[in-house]
Amino acid sequence: MSESQPTSARQRPDTPTMVNVDLGERSYPIFIDAELIDSDTLAPFIPSGRVVIISNTTVAPLYAARLTAALEAADKQVDLLALPDGEQYKNLETLEQIYDFLMEKQVDRKTTLIALGGGVIGDITGFAAASFQRGVPFIQAPTTLLAQVDSSVGGKTGINHPRGKNMIGAFYQPRCVLADTGTLNTLPDRELSAGLAEVIKYGLLWDEDFLDWIEAHIDALRERDPAALTEAIRQSCLIKAEIVRQDEREGGIRALLNLGHTFGHAIEAGMGYGRWLHGEAIGAGMCTAAELSRRLGLIDQSACRRIERIVSAAGLPTRSPAELSPERLRELMSSDKKVEDGRLRLVLLGRLGQARLIDNTSEDEIMAAIRATHADS
Ligand code: NAD
Ligand code: GLY
């Protein structure tokens, strides 16, 4: 892992903040700054004269023309595909729509696919790039906070199966990530808070100093202060890059990135995808993970309360929804991908800033933590 600038955010597209993901010959930079989509930053990462931007019907009208103009100024021929917007379209049918478009445009193996959008667009475009003609160049241009701090980094790509989220996919690293923080200005408040859940997650699982920084800057982040957002994204990407460098294919340490996710996925599945945003479910899920860590004697009551305060200050729920009983939540946790040999592996907190994988937690303690962080408690 390395970085070009040690401290605060910078606004000039010609010297963007940068974090490197060190993966040998598959290493790549993450550029973080305002107005990057108007700059020539991408040109050196595009190996031929052709590009296909894949976006959706919400993001394309906002940003595709600007990105296209920048690419055309660098002598690239650009085609645009705007997919329908929503998690429900992250499926095989939409993937086929992408392949059809690429065939129709007679795309060759050097044509670069650019994902312009949130995590849904990034995941499906990445998988299309990994599989079309056995792999074409791919660039991530994330436009949600969640995508800028998490989904665009690390190479997980894929689509949902009707019976499970992200069940079909591949590890496929982008050639670079272009995180234009200016695009976050049009993001709905709820989506911004959902992205903050992942930012908090990094502080909790890896770096207590970063958690302190988040706590001190949470209002600035919610007000979309450009320097605060750039710094939050930079720190988050540094942590994710380090974890991915150590464990690209999730043989071990990468699982720590799932802090709060086993509880959160149960909320998302139980409520029906889309009613609670992923980040909202992770906010409540991290509070349950903290409560369980406290019950196991790993962190104390004041740490637990502090986590709830930070999650709440980010505009996120700290309790699981009343509509889902604790028993139903526990049942849903059993179908999570993190279940191995019938045993639930939980990411808990050893202390603030240090997560641990624990797979021998007693049922009584798990149920007690779920009940204590339920809306009806
Ligand atoms: P999303 O892609 O659905 O975007 C959220 C909403 O914001 C959408 O309606 C989108 O059109 C809109 N939007 C995006 N950018 C905007 C902008 N700048 N201005 C206005 N509106 C904008 O959701 P998300 O939270 O970005 O991503 C969630 C997806 O990411 C899920 O499918 C999840 O599985 C996946 N994910 C993947 C990874 C990974 O490592 N690959 C990690 C975390 C999440
Ligand atoms: N979002 C979890 C991971 O990338 O591993």
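The values are calculated or read from the model by the stated rules, or taken from the named source; none is laboratory data. Please read these numbers as outputs of a predicted model, since none were measured by experiment. No Cβ is skipped: glycine too gets one built from the backbone with ideal geometry, and neighbour counts run over all protein chains shown.
The set of residues in region 243-264 that are assigned to a loop (DSSP other than H, G, I, E, B) and surrounded by fewer than 20 Cβ atoms within 10 Å (Cβ to Cβ) comprises ASP247, GLU248, ARG249, GLU250, GLY251, GLY252. Surrounded by 13 or more Cβ atoms within 10 Å (Cβ to Cβ) and either assigned to a loop (DSSP other than H, G, I, E, B) or among the acidic types (Asp, Glu) (or both), is that true of GLU365? Criteria met by GLU365. Taking residues in region 150-168 that are in contact (Cβ under 8 Å) with a residue 24 or more places away in the chain and on the phi > 0 side of the Ramachandran plot, and partners anywhere that are of a type in the set (Phe, Trp, Tyr) and assigned to a strand (DSSP E or B), the pairs with Cβ atoms closer than 9 Å and at least 6 places apart or on different chains are GLY154/PHE171; GLY155/PHE171. Suppose we keep only residues that are surrounded by 14 or more Cβ atoms within 10 Å (Cβ to Cβ) and in a loop (DSSP other than H, G, I, E, B) within region 50-59. Which one would you say is farthest from ligand 2 (Cβ to nearest atom)? For region 50-59, the residue satisfying everything is THR58.
For region 73-112, the candidate set comprises residues that are more than 26 Å from the chain's Cα centre (by Cα) and small (Gly, Ala, Ser); within that set, the residue that is farthest from ligand 2 (Cβ to nearest atom) is ALA73. Within region 210-252, being away from ligand 2 (no atom under 16 Å from the Cβ) and of a type in the set (A, V, I, L, M, F, W, C) holds for PHE210, LEU211, TRP213, ILE214, ALA216, ILE218, ALA220, LEU221, ALA227, ALA228, LEU229, ALA232.
One residue is enough: does region 125-137 have a residue meeting the conditions at pLDDT 95 or above, in a strand (DSSP E or B) and either of a type in the set (Lys, Arg) or surrounded by fewer than 24 Cβ atoms within 10 Å (Cβ to Cβ) (or both)?
The first filter runs over region 125-137 and keeps only residues at pLDDT 95 or above, leaving 125-137.
Of the ones still in play, those that are also in a strand (DSSP E or B) are none.
Checking region 125-137: not a single residue is at pLDDT 95 or above, in a strand (DSSP E or B) and either of a type in the set (Lys, Arg) or surrounded by fewer than 24 Cβ atoms within 10 Å (Cβ to Cβ) (or both).
Across region 228-242, the qualifying residues are those that are touching a residue at least 40 places away in the same chain (Cβ under 8 Å) and of a type in the set (A, V, I, L, M), and the one among them that is nearest to ALA179 (Cα to Cα) is ILE233. Remark: LEU346 falls outside the filter, which requires a residue to be of a type in the set (A, V, I, L, M) and closer than 16 Å to SER193 by Cα.
Within region 80-124, the residues that satisfy the criterion of being more than 14 Å from ligand 1 (Cβ to nearest atom) and part of a loop (DSSP other than H, G, I, E, B) are LYS105, GLN106, VAL107, ASP108, ARG109, LYS110, THR111. ALA115: within 16 Å of ligand 2 (Cβ to nearest atom), touching a residue at least 60 places away in the same chain (Cβ under 8 Å) and closer than 20 Å to THR41 by Cα, yes or no? Yes, satisfied. Evaluation of ALA43 against the conditions (1) farther than 30 Å from ASN160 by Cβ; (2) surrounded by 15 or more Cβ atoms within 10 Å (Cβ to Cβ) shows that the sole unmet condition is (2). Determine whether region 137-149 contains at least one residue that is among the hydrophobic types (A, V, I, L, M, F, W, C), without any contact (Cβ under 8 Å) to a residue 60 or more places away in the chain and touching a helix residue (DSSP H, G or I) at 6+ places or on another chain (Cβ under 7 Å). So far as region 137-149 goes, yes, one or more of its residues are among the hydrophobic types (A, V, I, L, M, F, W, C), without any contact (Cβ under 8 Å) to a residue 60 or more places away in the chain and touching a helix residue (DSSP H, G or I) at 6+ places or on another chain (Cβ under 7 Å).
Of all residues in region 207-227, none that is of a type in the set (Ser, Thr, Tyr) has its Cβ atom under 6 Å from the Cβ atom of a residue that is loosely packed, with under 15 Cβ neighbours inside 10 Å, 6 or more apart or on another chain.
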